[in-house]
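Working notes, beginning with the structure itself.
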Amino acid sequence: MWHTIIELYQQYMGTGLVMVLYPAALVYLLMREKDPVKKCLLGWMPALLLVLYFQPWLSALFLRFAGDEIYYRILWLLPVTVTIAATAADLVRQAKGHRKVLTGVLLALLLILSGDLVYRSPYFHKAENAAHMPSYVVDVCDAITLPGREVMAVFPDEFLQFVRQYTPYVCMPYGRDTLLQDFNSFHELARLMQAGVIDAKRLAECAAAWGCHYIVLPEGRQISGELGDYGYPADMVIDGYVIYRNENGNFDLTF
Amino acid sequence: MTKVLILGLWELLLPLLAGGMYKKILPEKWGPVWRILFYWAMGTLSFFALLQLLAVPEILRLKPLEELREYWTAAAAAAAFAGTACILTDIFRERRSRGIRETGAGGRRSQGRTGTGDRASKGRTGAGGPAPKTLTADPAATALICLSLLLLGIMIALSFLLTYHDGDDAFYIATATTAAASGNMYRGVAYTGSSGLLNLRYCMAPFPMLLSILSQLSGMDVATVAHSGFPWVMIAGTFAVYALIGRSLFREDRRSLSLYLVFVQILIFFGNYSTHSPENFLVARSRQGKAALANLVLPLLFFLLLLLFREISEKKCGGKRTVLYIFAFVTATLAAGLCSMLSAALVSLLLGAAGLCGIFCFRTWRHLPVLIPAVLPPLFYGMLYFVLASTGAYV
């Protein structure tokens with residue numbers, strides 16, 4: 001239990017010094033602050049919450065009902081940003097004359113160096129449209145959507161996160177949740193789609209059994225056999241993805 | 001353009017008006033800018049709270065989204081109307097009393113208006129001299145405020161220009177998209193579109209339904225509302241709440257306040273020290289309930305605690321003001337319920353810790369009549385969850 005608490009705290013601290021600066025700011029506040037309200041809510045209350053966070057009985061209660069991944073969210077109750085910013089502003093206020101500017105600049109630099117620019121995350125991309133969906137998802141979904149009904153399609157992994165955000169009219173035999181499971185409990189279609197060389201016969205049979213109207217694969221994907229020979233001839237190529245259409249699929253609008 | 005205006009109406013104007021219901025909580029001395037920020041933040045939370053109150057029973061009774069939308073729009077419009085009435089009543093009352101005072105004093109301008117929350121700050125000086133009355137009176141403070149607003153503007157602009165591909169959107173946004181298109185709330189597996197049982201944990205915190213309703217009201221598709229139409233509200237709302245907290249901490253010391261705002265913006269910009277930090281959630285996952293909880297609701301609860309404890313320390317809270325505070329705190333705790341199921345535990349812990357510290361720091365129990373009722377909504381939703389989960393009818 002103790003190990004989990006510490007591990008989650010370390011994860012929350014991450015790479016920066018912010019969670020080192022925070023206890024320092026907390027101690028500074030408790031020692032120097034005269035305003036009882038500030039001292040209570042920025043000092044004693046977070047200190048109590050920190051003590052509670054490290055209590056094994058509380059973590060046991062949380063882990064039992066909410067799972068171990070989100071115990072760190074108790075740390076959201078700490079006014080980290082407010083405390084550090086208020087302490088920094090107070091330090092600048094106390095500096096005399098020209099030292100004020102120097103203190104302010106140094107503290108700003110310290111905060112910059114302690115953290116990490118949020119936009120440097122590799123998961124940030126340039127938005128391609130107002131819906132912030134990758135254009136290949138928009139184009140492929142627009143191409144296979146039929147007005148007035150849903151269609152079922154099996155997609156490569158890079159689509160799974162976005163398809164159902166963009167349109168509720170395209171259904172999938174498995175979604176992003178499958179990727180979060182271990183490989184052995186994977187959906188059979190997912191395993192076939194992720195194979196080094198795709199078995200065309202098995203993929204077509206399985207997709208048909210799941211009622212898939214379309215199979216979407218990247219151009220150049222290695223396939224043993226032709227999907228067209230098993231009822232899924234290539235229909236169109238969009239943004240580097242080949243869309244195979246089920247020739248026996250039900251595309252009726254009265255479906 | 002019409003769609004943007006309608007969305008703006010629901011995200012900006014109507015919450016601003018609804019926030020008027022909470023106007024008497026702010027100390028009288030606080031100027032119009034602070035009032036606007038507070039009205040907007042509280043109004044937004046009141047819309048969240050109304051949705052939580054209405055959505056949970058509607059979802060559990062398998063009602064369609066359209067019905068929830070109708071109830072919520074009516075309730076939100078009523079809240080905006082009530083807020084507007086509160087603001088207008090106060091304006092008329094103030095004008096009338098000013099007229100009486102001016103007439104009574106033979107035309108001499110009255111100097112009688114006093115604040116209720118900042119009396120203790122009188123005489124407190126800023127950076128070694130008398131506190132400036134306006135921002136423009138201190139060029140350094142003005143420059144720093146402009147810098148923090150510039151950083152805020154950059155952050156909002158980047159929320160439109162950049163996108164963060166977060167895996168959880170595959171559930172939350174897909175849930176909203178499915179509900180908006182089919183009218184069915186939580187009655188399917190959002191990841192795939194197949195049918196399934198209600199997932200109780202998510203039904204009890206139906207933040208995605210807000211996106212569905214905003215999408216239906218504005219005519220924009222859900223993904224556009226979620227990724228372009230909503231993040232700026234979160235970013236600007238967070239800034240507003242941090243500014244209000246700063247105003248409460250530094251009172252009339254405008255220079256320290258402006259410095260504080262710049263430091264806050266730097267901490268948010270460089271908040272990627274961990275993927276779990278609220279700052280990271282604000283920038284990367286601004287359309288998710290968790291981000292709203294960490295950055296908007298919890299800081300606003302903290303701000304309300306600051307106001308309450310300030311009044312307690314000055315021995316002012318009691319009577320009608322206790323009722324006002326209960327109203328504001330219950331709004332915030334209900335809003336927290338909309339954002340995340342975990343908020344039941346987090347809010348209870350926060351208010352419990354604050355209550356305990358309040359007793360020891362101020363040697364009084366007078367804040368407990370406010371904090372105890374405020375904890376009841378999260379406790380109710382938490383208990384409802386366990387009762388319903390024990391029936392086995394839900395996932």
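The values are calculated or read from the model by the stated rules, or taken from the named source; none is laboratory data. Predicted model, so just to flag it, every value in this text is computed and none were measured. Every residue, glycine among them, receives a Cβ derived from its backbone with ideal geometry; neighbour counts consider all protein chains shown. These accessible areas exclude ligands, DNA and RNA; they are computed on the full protein's heavy atoms, side chains included. Shrake-Rupley method; radii C 1.70, N 1.55, O 1.52, S 1.80 Å.
Structure data summary
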item: Rounded Å value of the spacing that divides the Cα centres of the range B:147-203 and the range A:1-61; result: 31
item: Residue-averaged beta-carbon neighbours from other chains (10 angstrom radius) around A:121-129; result: 5
item: Unpartnered cysteines - no second Cys beta carbon under 4.7 Å - across chain A; result: A:Cys141, A:Cys171, A:Cys206, A:Cys212
item: Computed accessible area, B:Ile266, all protein chains, 1.4 angstrom probe, square angstrom; result: 20
item: Out-of-range pairs (alpha-carbon distance over 31 Å; input B:Lys290/B:Lys316; B:Lys290/B:Lys320; A:Lys126/B:Lys290; A:Lys34/A:Lys96); result: B:Lys290/B:Lys316; B:Lys290/B:Lys320
item: Gyration tensor verdict on the range A:116-209 (Cα atoms; rounded if a/c is under 1.5, prolate if a/b is larger than b/c, oblate otherwise); result: oblate
item: Long-range amide H partners of B:Thr163 with built H, under 5 Å; result: A:His125, A:Lys126, A:Ala127
item: For chain B, built as a Gaussian network whose Cα springs stay under 10 Å, the top-fluctuating residue of B:Asp169, B:Asp138, B:Asp221; result: B:Asp138
item: Accessible surface of A:Thr103 - all protein chains present, 1.4 Å probe, nearest 10 Å²; result: 40
item: Sites matching trypsin sites (Lys or Arg not before Pro) across the range B:290-354 that sit in DSSP coil, with at most 12 neighbouring C-beta atoms within 10 Å; result: B:Lys315
item: Length-normalised contact order of the range A:2-115 in % [C-alpha pairs under 8 Å, at least 6 apart]; result: 34
item: Highest-fluctuation residue, B:Phe327, B:Phe309, B:Phe270 considered, GNM on chain B with Cα pairs under 10 Å; result: B:Phe270
item: Cα-projected label distance for B:Leu13 with A:Val105, points at 7 Å along beta-carbon direction, nm; result: 4.7
item: Aspartates and glutamates with Cα under 12 Å of A:Lys201, excluding same-chain neighbours fewer than 8 positions away; result: A:Glu226, A:Asp229
item: Rough spin-label spacing in nm, given labels placed 7 Å along Cα→Cβ, for B:Lys3 and B:Asp168; result: 2.6
item: Heavy-atom surface of chain B, accessible at 1.4 Å and reported per residue (Å²); result: 38
item: Buried solvent-accessible surface, both chains (A, B), 1.4 Å probe, Å² to nearest 100; result: 7200
item: Helical mean residue ellipticity (222 nm; -39500 (n - 2.57) per DSSP H run of 4+; nearest 500) of chain B; result: -22000 deg cm²/dmol
item: Which of B:Thr192, B:Thr84 is most accessible, then next, and so on - probe 1.4 Å; result: B:Thr84, B:Thr192
item: Sum of -39500 (n - 2.57) over DSSP H runs of 4+, divided by residues of chain A (222 nm, nearest 500); result: -13500 deg cm²/dmol
item: On Cα atoms only, tilt of B:32-60 relative to the major axis of chain B in degrees; result: 30
item: Gained length - B:Ala74 relative to B:Leu368, 0.36 nm times residue gap less alpha-carbon distance; result: 102.5 nm
item: Apportionment of accessible area to carbon and sulfur, the range B:126-273, percent (1.4 Å); result: 66
item: Proximal aspartates and glutamates relative to B:Lys24, as straight alpha-carbon distance under 18 Å, when same-chain residues fewer than 8 apart are discounted; result: B:Asp90, B:Glu94, B:Asp118, B:Glu311, B:Glu314
item: Computed FRET value (nearest 0.05) for A:Lys201 with A:Glu158, which takes r as the C-beta separation and R₀ as 25 Å; result: 0.55
item: Exposure of A:His125 as accessible area (Å², to 10), given a probe of 1.4 Å and all protein chains; result: 80
item: The range A:135-245, relative contact order in percent, only Cα pairs under 8 angstrom and at least six apart counted; result: 26
item: Distance between modelled label sites at B:Arg35 and A:Trp57, nm, 7 Å Cα→Cβ extension; result: 4.9
item: Selected from A:Gly228, A:Gly67, A:Gly240 as most flexible by GNM, with chain A as the system and alpha-carbon contacts under 10 Å; result: A:Gly67
item: Amide proton proximity set for A:Cys171, modelled H, under 5 Å, gap of 5+; result: A:Val151, A:Met152, A:Ala153
item: Which of A:Asp229, A:Asp142 is most accessible, then next, and so on - probe 1.4 Å; result: A:Asp229, A:Asp142
item: Residues in the range B:339-382 reached by a label modelled at B:Leu388 [backbone nitrogen below 15 Å; 7 Å Cα→Cβ]; result: B:339-344, B:378-382
item: Any cysteine of chain B lacking a neighbouring Cys Cβ under 4.7 Å - listed by number; result: B:Cys86, B:Cys146, B:Cys203, B:Cys317, B:Cys339, B:Cys357
item: Neighbourhood charge, 14 Å Cβ-Cβ cut-off, centred on B:Ser148 and excluding it, Lys, Arg +1 and Asp, Glu -1; result: +3
item: Estimated FRET transfer efficiency (B:Thr275, A:Ala130; beta-carbon r; R0 25 Å; 0.05); result: 0.45
